[in-house]
Amino acid sequence: MLNAPSTIAVLGIFISLLCSPSIVASDRLLDRLFLPSSLTGPESLAFDSIGGGPYTGVSDGRILKYENPNSGFVEFAHISPDRNKTICDGISDFSSLQETCGRPLGLSFNHQTGDLYIADAYFGLMKVAYDGGAATQLVADAQGNPFGFLAGLDVDPETGIVYFSEASSVLKISDLHKLFNSTDRSGSLFSYDPTTNQISLLLSDLAVAAGVAVSNNGSFVLVSEYMGNRIQRFWLTGPNANTSDVFLQLPGRPNNIKRNSKNEFWVAMNYPFGTPPPPIPPVLPLALRVNGEGVLLEAVSLVEEFGTESVTEVQELNGTLYASSLHVSYVNMLKL
């Protein structure tokens, strides 16, 4: 059922953030990690078992790893098995070449095996070994129906089961402007068991299924509906197993969700305003921290860091907040 107090709290803090831009601290930005020249779109981030990274997928179908301030981001892996560097290297987002080169979005490590799992918008569910290189395609369709485009992904830290979302089964990532101006409800939430290679459909009829996050104890998995302005919770265990409810209703559009070490969740949320130019309308970006019951704990304005660009992911690691976007060429590091 809907957590009404949380919804009211989100609305109240959201309005105060919009009306009081001066509360954003100008010294909160610790660093800005820039991608190599001409690359854009660090839509999602991942860190390996020793805190290395961030790793991120970029516009030309590669996955990069941030090494250090001197080396910056270096190539770790690539999506297309027969990738042509001459054609692919450096292409921008929404290029028609992405269908050939790949477009990695959601990322998450299985820290027990070192494998990095990827939701690629064109190639489906992929996996890269701990030492990088060419990705392996695991699943490209559901019951014989090719995916439209995959978006979010998370790995259960105990079981290794992979949960991932299909934003739309009928439209591609190149159709984002059309998708965001439609009533499409063809999104879905799936699970993939790497021990059996079995895929299961958990939820369907979702309004642009985006972010995915499993709880620390594996009792439920969250999926955001970007155009539905809400986050749904699918119960995996307990008396409500195999049922779903509304975890959080929001005044804006939620994207990726990331679990922190306290079993709380950071939600990247955007409030659209103005006339929407292609491919994405201007937004006011926010980071929301909620607990496992869907109660709002903190709201952070990201207007100073992103302007009116959308935030796609917010992730916490060792006291630092990492914020990324599909439409910029850098990752922001912020003080908590």
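The values are calculated or read from the model by the stated rules, or taken from the named source; none is laboratory data. No experiment lies behind these values; they were computed from the predicted model shown. When we count neighbours, we look across all protein chains shown, and the Cβ atoms used for this are built from the backbone with ideal geometry, even at glycine. These accessible areas exclude ligands, DNA and RNA; they are computed on the full protein's heavy atoms, side chains included. Shrake-Rupley method; radii C 1.70, N 1.55, O 1.52, S 1.80 Å.
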Run the simple label-point estimate for Leu29 and Ser244 please: 7 Å along Cα→C-beta, distance reported in nm.
3.7
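Longer than 23 Å from Cα to Cα, which of Lys65/Lys127; Lys85/Lys178; Lys127/Lys262; Lys127/Lys178 are they? Say none if no pair is. Walk me through the numbers before you get to the answer.
Numbers: Lys65/Lys127 16 Å; Lys85/Lys178 30 Å; Lys127/Lys262 27 Å; Lys127/Lys178 30 Å.
Violating the 23 Å Cα-Cα cut-off are Lys85/Lys178; Lys127/Lys262; Lys127/Lys178.
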On average, how much accessible surface per residue is there in the chain, in Å², for a 1.4 Å probe, leaving out ligands, DNA and RNA?
40
The chain, helix-only ellipticity at 222 nm - DSSP H runs n ≥ 4, -39,500 (n - 2.57), divided by all residues, nearest 500
-2500 deg cm²/dmol
Rounded to whole Hz, the Karplus (6.51, -1.76, 1.60) HN-Hα couplings of the range 95-111, x for glycine and proline:
6, 5, 6, 5, 5, 8, 8, x, 9, x, 10, x, 9, 6, 8, 8, 6
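According to the square roots a ≥ b ≥ c of the eigenvalues of the Cα gyration tensor, what is the shape class of the range 67-126, taking rounded for a/c under 1.5, prolate for a/b larger than b/c otherwise, and oblate for the remainder? Walk me through the intermediate numbers first.
On the way: a/c = 2.07, a/b = 1.21, b/c = 1.71.
Note, shape of the range 67-126 comes out oblate.
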Could you give me the ³J(HN,Hα) list for the range 201-218, computed from phi with Karplus coefficients 6.51, -1.76, 1.60 and θ = phi - 60°, whole Hz, x at Gly and Pro?
8, 9, 9, 9, 6, 9, 8, 6, 5, 10, x, 9, 8, 9, 5, 4, 9, x
Mind checking the dipole of the chain: about its Cα centre, +1 per Lys or Arg Cβ, -1 per Asp or Glu Cβ, Debye to the nearest 20?
400
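Give me the percent of accessible area attributable to carbon and sulfur for the chain, probe 1.4 angstrom.
Its accessible area is 51 percent carbon and sulfur atoms.
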Label-point gap, in nm, between Ala134 and Arg185 - each point 7 angstrom along Cα→Cβ:
4.2
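Which net charge results when you count Lys and Arg as +1 and Asp and Glu as -1 among the other residues whose beta-carbon is under 12 Å from that of Ala140? Mind dumping the intermediate values first?
Working: positive: none; negative: Asp120, Asp141, Glu166.
Neighbourhood net charge equals -3.
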The set of residues whose placed amide H lies less than 5 Å from the amide H of Leu202, leaving out same-chain residues fewer than 5 positions away, is Leu189, Phe190, Ser191
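What does the convex hull of the Cα atoms come to per residue for the chain, in Å³? Please report the intermediate quantities before stating the final value.
Numbers: hull volume 42.6 nm³, N = 336.
Value for the chain: 127 Å³ per residue.
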